[in-house]
1. In what sequence do Leu134, Leu371, Leu399 fall when counting other Cβ within 10 Å, fewest first?
2. Taking Rh as the Kirkwood radius computed over C-alpha pairs, what is the Stokes-Einstein D of the stretch 226-301 at 25 °C in a medium of viscosity 0.890 mPa s, expressed in µm² per second?
3. Shape call for the stretch 132-257 from the C-alpha gyration tensor, a ≥ b ≥ c root eigenvalues: rounded (a/c under 1.5), prolate (a/b greater than b/c) or oblate?
4. For Tyr335, which sequence-distant residues (separation of 5 or more, or a different chain) have an amide H within less than 5 Å of its own amide H, given hydrogens modelled in the peptide plane?
5. From zero up to wherever the largest Cα-Cα distance of the stretch 165-323 sits, split into 10 Å bins and tell me the percent of pairs in each.
6. Assuming R0 = 41 Å, what is the FRET efficiency of Glu367 and Val119, from their Cβ-Cβ distance, to the nearest 0.05?
7. Compute the length gained on full extension between Lys342 and Asn57: take 0.36 nm times their separation in residues and subtract their Cα-Cα distance, giving the result in nm to one decimal.
8. List the pairs from Lys74/Lys219; Lys342/Lys405; Lys94/Lys388 whose alpha-carbon separation is above 21 Å, in the order I gave them.
Amino acid sequence: MKSKILAIFIILSLIVSYTIKINATNQKDILNTEKLGDINLIDTGEIEDDDEEVDINEILETVADIEELEIESKIALIYDRASGNILYEKNGNKQTPMASTTKIMTAIVVLENSNLSDVVTIDSKAAGTGGSRLGLKKNDKITVNDLLYGLMLRSGNDAAVALANYVGGSIQGFASMMNNKAKELGLANSHFVVPHGLDNDGHYTTAYELAKMADYALKIDKFKEIVSTKSTTISINGYPKAINNTNQLLGSIAGVYGVKTGFTNGAGRCLVSACERDDLDIITVIIGADTTNQRTADTIKLINYAYNNFEIVNIKEIIENEFYMWEEINCGRIYVNKGVEKELELLLEEIPYEKMAVEKEENIEIEVDSLFYLEAPVEANQIIGNVKVKRSGEVIEVLDIVVQKGIKKKEIEDYLIIFARRLLDGIDYKNII
């Protein structure tokens, strides 16, 4: 009996010892994976579910009768590309994870710092990246161009790591390039740690700054070409591979020409869309939707709201016309005391954009304020007034009115010349000072 108990004890000890050894080995493997840059490169279960089919027609019928804009997603925004103004926002300046919409910045940095024809050899870091994947394996060979299509259409996290390592030398090096670009673009509330968007501490943006990123990126012809592509065929190791865009609004909603989907547990379901109809060009942002259907429905609501309520006006033309009318009437009334010249040449600061979206039938007011008495000398570029642009009573722009050409103060010789001329003309010199 004792021998049987001893045998059972030995067997149990061996099982426990083997289990501990296996767990230790697994933990070591995980730590080694994480040491690829102390970032999340392993499969955490945070995958893109953007291949999930949605019935666009059913969603369109659902939102068709909605009169007031009701957005269920946690964060939403409409951005006017013409002016950079926000047309609608819900928590638009709240810092948030942004999942694979991160890849907008990834693509910007790659496009500005590499050659599309370069061939990249896939390393183990890229091949082992979890989440949504293009399906790259170690030692695969693929061009930067095709990696970008895999990045933006298929949302390949493996493509993101491959590009980051190739362009930046490492994940950390590429993240530094992303952050430098964000600083250059004035994105004070964005910070990047990874190129793919898997949830990581310190990796965040806002809906507003994400829209600004997308706006900048869409000015790059190649970026716009990629994100507006519904499907294409790339080449890996010389073999063709067909891929489809995860953005299901492409080809389904009039005017939509991009940009990027995303999903992680931290960010929820996200979608940055670009849409242009007539002259109105907008970017919409949804972050934190609970379902793909909700994300799609909320995006369509934003698009419908924008085109039902806003129109483009040439604000530069409106401002210039109003200013020139004011100048014609009032410029001669501005008195420069003791100035060599009597008339000023004025210049209006240029508005930073030509057109802007305004609500239909919205009242645009132009208000001109200026000094009418100046003491010589008057310096060139001296500010003497401003033009306020008001939309429904709210000031949206203030433009300086400056003196284009300086005016000197009269010296004694100037008075002597005037005195001589008037004396010759028979004018009482007592009235010349």
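1. Details: Leu134 27, Leu371 12, Leu399 19.
Ascending Cβ contact count within 10 Å gives the list Leu371, Leu399, Leu134.
2. On the way: Rh = 13.5 Å.
Using the Kirkwood radius from Cα pairs, D works out to 182 µm²/s.
3. Details: a/c = 1.98, a/b = 1.16, b/c = 1.70.
It comes out oblate by the Cα gyration axes.
4. It is Tyr373, Leu374, by chain and number.
5. 9, 30, 36, 18, 5, 1, 0
6. Values: r = 59 Å, r/R0 = 1.45.
FRET efficiency, Glu367 to Val119: 0.10.
7. Numbers: separation 285, 0.36 × 285 = 102.60 nm, distance 6.85 nm.
Stretched fully, the Lys342-Asn57 segment lengthens by 95.7 nm.
8. On the way: Lys74/Lys219 28 Å; Lys342/Lys405 12 Å; Lys94/Lys388 29 Å.
Among Lys74/Lys219; Lys342/Lys405; Lys94/Lys388, the Cα-Cα distance tops 21 Å for Lys74/Lys219; Lys94/Lys388.
Quick note: the coordinates plus some simple rules give every number you see, no bench work behind them. Bear in mind that the values here come from a model prediction, so they are computed numbers and not experimental data. Please note: Cβ atoms are built from the backbone with ideal geometry, for glycine as well, and neighbour counts cover all protein chains shown.
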